[in-house]
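Everything on this sheet refers to the single structure shown next.
The values are calculated or read from the model by the stated rules, or taken from the named source; none is laboratory data. Just so you know, these numbers come straight off a predicted model, no measurement behind them. Cβ: placed from backbone, ideal geometry, glycine included. Neighbour counts: every protein chain shown.
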Amino acid sequence: MVNTLYPAVLYLQDGTIYKGWSLFQLSIHFGEIVFNTGMTGYQEIFTDPSYSGQFVVFTYPELGNTGLNKNDNESNFIHVKGFISKNISCISSNWRSNISLKDYVLLKRIPHIFGIDTRALTKHLRLLGVMNAVFSDANKKLNLSDYQFNNLDKLDLVKKVTTRHIYSVKNLNLPSKSTFFYLNSNINKYVGRKKNIQYKIVVIDFGLKFNILRKLLYYGCDICVVPSICSYKTILDYNPNGILLSNGPGNPISIIYAINTVKKLVYFANVPIFGICMGHQVLNLALGAETFKLNFGHRGLNHPSGLNNYSEITSQNHGFAVKKTSVGSNQLDTFIKTNYFNLNDLTISSIIHKNLPLFSVQYHPESSPGPHDSEYLFMIFIKLIEMTYKKSLK
């Protein structure tokens, strides 16, 4: 076991400095720094494509107690730019654990800093908003004025994380290129709930999480995953019964090509569409709404979403939201119903189209990690497909 610690420094774009430690000697790493308030789920967060280009601050004071396993990954790669924690547990204690967090960080050389007051850092980000940051070994002489910070809002991060090839998913044949993580046979419990009719679902991959596929498999769906740049014609050539717009990283405005494709699907395809997170934003932009960047985003497992006296506790991970005033203007409110709001700040959490088979949510109903309050939305999606399918047969 390696016990050597290396002094490390976190530099924020506003000039604030935090000193801590790392398990290996850091080079210089750049990223946008955000925080997650969840008490668990670090493995899923590491492999969630929505965190591409970002340093993640974990407000929960100790990471690694349950280790990492071969089942909970959300993609085949590590997407976080790095992470910040108060403590890293050297020992993991869980019956599913295959490797400790410490050993995994050393194996994969994940940039990190621990030993700092993460809650003070989080309060700083809540006050001033998310910003760019630099990780560095403390012994390196670093002058921030010498570096040009990249604004992630102007980058197309979706093209970086989307699949390069179209592939189908039937039962267990999910692709795996990872040397450690893979989707294992436990996915059997999600397969084949409905065997009489297998609906074909085209998933547009903006940064897809594996658990979305698991939920669709549970309902017996025949899944085809396509890149974010896939054309309208190519998508319809697969003759889908439904289309799912996945989660993903970055500013939705940066993927205008996908917004234009979804706009064609909305007005000409007559196929049920379900948008999740980035997919929610893209669908709303295609309908004519606008989006904006949140001051510090919604990232955690306990965000209340609902309306009036009803609330669901939801898992969320996004830095952008649909602008409420844009939905209420341009006559969008005549055919778009705002179904739920985020009850912390009253931003839009869910919309339903009044005339077309379309709906979307800003949160994660696949809830990996997180509460299961919203899992029923996949069943609603299947029911919407069934209704549209039966209507087309008349």
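Among the residues that make up the stretch 360-382, is at least one of them under 24 Å from residue 322 (Cβ atoms), in the same structural domain as residue 246 (by TED's automatic domain parsing) and part of a strand (DSSP E or B)?
Checked the stretch 360-382: at least one residue is under 24 Å from residue 322 (Cβ atoms), in the same structural domain as residue 246 (by TED's automatic domain parsing) and part of a strand (DSSP E or B).
Among the residues in the stretch 250-271, are any in contact with a strand residue (DSSP E or B) (Cβ under 7 Å, 6 or more places away or on another chain), in a helix (DSSP H, G or I), more than 25 Å from residue 165 (Cβ to Cβ) and in contact (Cβ under 8 Å) with a residue 60 or more places away in the chain?
yes
If I ask for residues that are more than 16 Å from residue 117 (Cβ to Cβ), hydroxyl-bearing (Ser, Thr, Tyr) and in a loop (DSSP other than H, G, I, E, B), which ones from the stretch 8-41 would you list?
Across the stretch 8-41, the qualifying residues are 27, 40.
Of the residues that make up the stretch 9-24, is at least one without any contact (Cβ under 8 Å) to a residue 12 or more places away in the chain and either out of contact with any Phe, Trp or Tyr (no Cβ under 7 Å at 6 or more places or on another chain) or loosely packed, with under 15 Cβ neighbours inside 10 Å (or both)? If you could, list the steps in order and put the result at the bottom.
Start the filter on the stretch 9-24 by keeping residues that are without any contact (Cβ under 8 Å) to a residue 12 or more places away in the chain, which leaves 17.
From the residues that got through so far, the ones that are either out of contact with any Phe, Trp or Tyr (no Cβ under 7 Å at 6 or more places or on another chain) or loosely packed, with under 15 Cβ neighbours inside 10 Å (or both) too are 17.
Looking through the stretch 9-24, at least one residue is without any contact (Cβ under 8 Å) to a residue 12 or more places away in the chain and either out of contact with any Phe, Trp or Tyr (no Cβ under 7 Å at 6 or more places or on another chain) or loosely packed, with under 15 Cβ neighbours inside 10 Å (or both).
Determine the pairs where a residue that is closer than 25 Å to residue 260 by Cβ and in the same structural domain as residue 377 (by TED's automatic domain parsing), located within the stretch 213-229, has a partner that is among the charged types (D, E, K, R) and in a strand (DSSP E or B) with Cβ atoms under 8 Å apart, the partner being 6 or more residues away or on another chain.
From the stretch 213-229, the pairs are 223/200; 224/200; 225/205; 226/205; 227/205; 228/205.
State the number of residues belonging to the stretch 319-351 that are closer than 21 Å to residue 380 by Cβ and not in a helix (DSSP H, G or I). Reasoning before the result, please.
Initially, the stretch 319-351 is screened for residues closer than 21 Å to residue 380 by Cβ, giving 322, 327, 335-343, 348-351.
Imposing the further condition that a residue be not in a helix (DSSP H, G or I) reduces the set to 322, 335-343, 348-351.
So the answer is 14.
Among the residues of the stretch 273-295, is any basic (Lys, Arg), more than 19 Å from residue 326 (Cα to Cα) and outside the structural domain of residue 55 (by TED's automatic domain parsing)? Before the answer, list the steps.
Step one: of the stretch 273-295, the residues basic (Lys, Arg) are 293.
From what's left, more than 19 Å from residue 326 (Cα to Cα): none.
For the stretch 273-295, residues basic (Lys, Arg), more than 19 Å from residue 326 (Cα to Cα) and outside the structural domain of residue 55 (by TED's automatic domain parsing): absent.
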